[in-house]
Amino acid sequence: MASTQTMTPHPTPTRSARRVTPLFALLLIGLISCQPQSTPLSTRQHVRIADRTFTLELALDPQARFRGLSDRKEIAPDGGMLFVFPVPQKMGFVMRRCLVPIDILFLDGGGRIVSTHAMQLEPYDTPEDKLTVYNSGYPAQFAIEIRGGTLGTLGLRNGDKIDLPLGALKDRAR
């Protein structure tokens, strides 16, 4: 069976419409090229701690911060997680469903270390209210978790500054 198509005639543009069309196209191209190009936001941040560079996953929202490094079978020697909070606050972290030891650094809003801990493994199914809480002691806006046993090799002290893109990270925290 043959198909039939109905053809709609295209009107012939007037002389003035032909002059406007190229001008309109140039304006449209100009507007498009002036728009900021959207690039996906990175989910990792390279951070120099002492004399080593770490590639840290970002935890920017409540769900990611709650999940943290739970259920991870390993943490790369140069890996870990950077937790970013919207405002500085006293905070505490636990080893919820963690399978490997973790070291933690709490940083204030300026990137200075306010406290560190070598967090110890707890039984996987430990109830939330029975988990050891590792406190920041002072208001912190960032926390960095790295492979357990790494903290002792870095020679860090409270007050040391970790260079972070503070403004960009704070802007992304929810």
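The values are calculated or read from the model by the stated rules, or taken from the named source; none is laboratory data. Keep in mind the model is a prediction, meaning the values are calculated, not measured. We place every Cβ from the backbone using ideal geometry, glycine too, and count neighbours over all the protein chains shown.
For region 85-105, give me each residue that is surrounded by 21 or more Cβ atoms within 10 Å (Cβ to Cβ) and either touching a Lys or Arg at 6+ places or on another chain (Cβ under 7 Å) or free of Cβ contacts under 8 Å to residues at least 60 places away in the same chain (or both).
Matches in region 85-105: PHE93, MET95, CYS98, ILE102, ASP103, ILE104, LEU105.
Select from region 144-174 the residues that are surrounded by fewer than 15 Cβ atoms within 10 Å (Cβ to Cβ) and within 14 Å of ALA118 (Cβ to Cβ) and list them in ascending order.
Selection gives GLY149, GLY152, THR153.
Enumerate the pairs (first residue in region 125-138 and part of a loop (DSSP other than H, G, I, E, B); second residue anywhere and polar (S, T, N, Q) and surrounded by 15 or more Cβ atoms within 10 Å (Cβ to Cβ)) with beta-carbon separation below 6 Å, excluding pairs fewer than 6 apart on the same chain, so at least 6 apart or on different chains.
If the second residue must be polar (S, T, N, Q) and surrounded by 15 or more Cβ atoms within 10 Å (Cβ to Cβ), the pairs left are SER136/SER115; GLY137/SER115.
If you take the residues in region 44-97 that are of a type in the set (Asp, Glu) and part of a loop (DSSP other than H, G, I, E, B), which one is modelled with the lowest pLDDT?
Ranking the candidates gives ASP51 first.
Being of a type in the set (Gly, Ala, Ser) and under 20 Å from VAL84 (Cβ atoms), is that true of even one residue in region 121-137?
Within region 121-137, one or more residues are of a type in the set (Gly, Ala, Ser) and under 20 Å from VAL84 (Cβ atoms).
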